[in-house]
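Have a look at the structure below before the remarks.
No lab work stands behind these numbers, since they all come straight from the coordinates. Predicted model only: the values in this text are computed from it and were never measured. In this analysis, Cβ positions are derived from the backbone assuming ideal geometry, glycine residues included, and neighbour counts consider all displayed protein chains.
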């Protein structure tokens, strides 16, 4: 997982450097073809509205303030859930990676829980929390927890033992050893976890908002379905795609800033 | 202003000259070997891993400042001996004494792998070698000096990943030397380098050893490297010192000279005859 990631990165990162617009050629081409297909009547607008219609729907929702409110609600849920689940996962990953006792106590339990698809808990979560905010936050946090936990644990366990021995020889205290050797060594793996967690974060939120919510992008899409507003449905899906891309890009920027020592992230 | 400057300058110059004078005289009159190296006494040293007895009673005295090479077949216990000297493993029986109190920073180890922190710049990697002194005011200056000693002052702000294998090993040497150790234990530090880099590293190693006068203990599988660098070559067989060969050739030594080649041949034949017996 992390190997493939580190191999494919330099290639995908060189493109935007050469020309930041290159990566947008394909999405823009798809939209252009889509527009042409709708205008010529090749695709009936009942099935798929033209991009211009979707943009128009988006403009109307923007003017009414509904769009911004729903995006903000979804964004807030996603980030708070991510922060809660991510910090707990990170803390468990650290504890179990650094302490044998902690790993023995909790790892088996966590591995068992991990194998339950967290979306299968939706009925139970609705019974517990109803359909208010805590239900969505709980599901997002649970979904985000495992990729971050597993990758933090993996990162800490695979820090080069020769470097740890070196640190001890040169008189590093436990704190220094963690700060200067173990944590930086685990960081590439932690970032892999964050990227996976961001994907799961959106997935969980969409499902949770679609099934049980009274606001948010998923709710907006479900409302539109009931009123047969297919342009709003498509608009919600496109916004999810953009938000996902935004989350991925920001984690990449963070990665490039903190892993500049890594050969895969160095300027060529 | 001008006169004030002129009068104050010679004074500070004098003061600094006075404070450095004792050291300077030592350097000039005799090799600093006697002043900064530590002697090493090993008595009845034993070590086993499980049922495998690796060292079976080593008795050895190394005078301060001597350059000792330890050779032997793989698995003979030479690396184990070095790790025990460096305090990396626990002794089963026997003792290792350094003739007085030693600080952890007095004994440094260099491994076959450079073991640099990939996420720290070259200079920061050298600073790691200062141990507890890392936080001190002159840490930067000392690390820069050590880096200059190994000829890499211009690489101070590079990441280790852009350095060649030989350069990485030189940074590791700078890190080992920055705390001015009195014993340097070298565990096949040049084993992974190509032939030419190896020779230039051997020269560098000899130079810093002559400059700083620490006691050097080099584990190597390369007998020619051992005779080129060491005052004394120990051959270890089956956990004991089988031969103790003194190398008297004058320094700087001519690589491939008849004298060294003869020594190398006789040590190799020892090693190979042991092979025949088993």
**Prompt:** When you take every Cα atom in segment A:182-244, what is the radius of gyration, and what is Dmax, the widest Cα pair distance, in Å?
**Reply:** 15.9, 55
**Theoretical FRET efficiency, 1/(1+(r/R0)^6), r = Cβ-Cβ of residue B:141 and residue B:251, R0 41 Å, to 0.05** = 0.85
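How large is Rg/Rh for chain B, to two decimals, with Cα atoms and a Kirkwood Rh?
Details: Rg = 20.8 Å, Rh = 20.3 Å.
With Rh from the inverse mean 1/r over Cα pairs, Rg/Rh is 1.02.
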**Prompt:** So what is the calculated 222 nm ellipticity per residue for the protein assembly as shown, using -39500 (n - 2.57) for each DSSP H run with n of 4 or more, over all residues, to the nearest 500 deg cm²/dmol?
**Reply:** -19500 deg cm²/dmol
**Item:** Peptide-level mean, for A:182-193, of C-beta atoms on other protein chains within 10 Å
**Value:** 1
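I need the per residue convex hull volume for chain A, using only the alpha carbons, in cubic angstrom as a whole number.
Values: hull volume 42.4 nm³, N = 268.
Enclosed volume per residue, from the Cα hull, is 158 Å³.
Please give the FRET efficiency for residue A:31 paired with residue A:254, using the beta carbon to beta carbon distance and R0 = 22 Å, rounded to the nearest 0.05.
Details: r = 29 Å, r/R0 = 1.32.
Here the calculated transfer efficiency is 0.15.
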**Message:** How high is the relative contact order of chain B? Use alpha-carbon pairs under 8 Å, at least six apart in sequence, and give a whole percent.
**Reply:** 25 percent
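Over the whole of A:160-172, what's the average partner chain Cβ count within 10 Å per residue? Rounded to a whole number, please. Could you put the intermediate results ahead of the total?
Values: counts 4, 0, 5, 5, 1, 4, 12, 3, 1, 13, 16, 11, 4.
Shielding by partners across A:160-172 averages 6.
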**Request:** Pop a pseudo-label 7 angstrom from the Cα along the beta-carbon direction at both residue B:158 and residue A:176 and give the gap in nm to one decimal.
**Result:** 2.6 nm
**Request:** Rank these for me by crowding, A:226, A:209, going from fewest to most other beta carbons within 10 Å.
**Result:** A:226, A:209
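Taking the Cβ of each residue in A:119, A:163 as the centre, tally the other Cβ atoms inside 10 Å and list the residues starting with the fewest.
Values: A:119 16, A:163 20.
Ranking A:119, A:163 by Cβ neighbours within 10 Å, fewest first, gives A:119, A:163.
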**Item:** Residue among B:260, B:186, B:196 with the largest mean-square fluctuation in a Gaussian network model of chain B, springs linking Cα atoms under 10 Å
**Value:** B:196
**Prompt:** Of all the C-alpha pairs in segment A:172-212, what % are more than 17 Å from each other?
**Reply:** 54 percent
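Hey, what did segment B:156-250 get for relative contact order, percent, Cα under 8 Å, at least 6 apart? Before the final figure, lay out the partial values.
Working: 74 pairs, mean separation 20.9, N = 95.
Result for segment B:156-250 is 22 percent.
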**Value of D in µm² per second that Stokes-Einstein yields for segment A:62-109, Kirkwood Rh from Cα pairs, at 20 °C (1.002 mPa s)** = 164 µm²/s
**Message:** Kirkwood Rh and Cα-based Rg: tell me the resulting Rg over Rh for the protein assembly as shown, rounded to two decimals.
**Reply:** 1.14
**Prompt:** How big is the equivalent ellipsoid of segment B:116-180 along its three axes, where each semi-axis is √(5λ) from the Cα gyration tensor, reported in whole Å from largest to smallest?
**Reply:** 17, 11, 10
**Asked** Roughly what angle does helix B:139-149 make with the longest principal axis of chain B, taking Cα atoms, 0 to 90 degrees, to the nearest 10?
**Response** 60 degrees
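Could you sort B:235-245, A:53-63 so that the peptide with the highest average Cβ count within 10 Å comes first and the rest follow in order?
Details: B:235-245: 17.7, A:53-63: 16.2.
So the order, starting with the most tightly packed, is B:235-245, A:53-63.
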**Prompt:** In whole percent, what relative contact order does chain A give with Cα contacts below 8 Å and a gap of six or more residues?
**Reply:** 24 percent
**Message:** At a 10 Å Cβ-Cβ cut-off, how would you order A:172, B:110, fewest neighbours first?
**Reply:** A:172, B:110
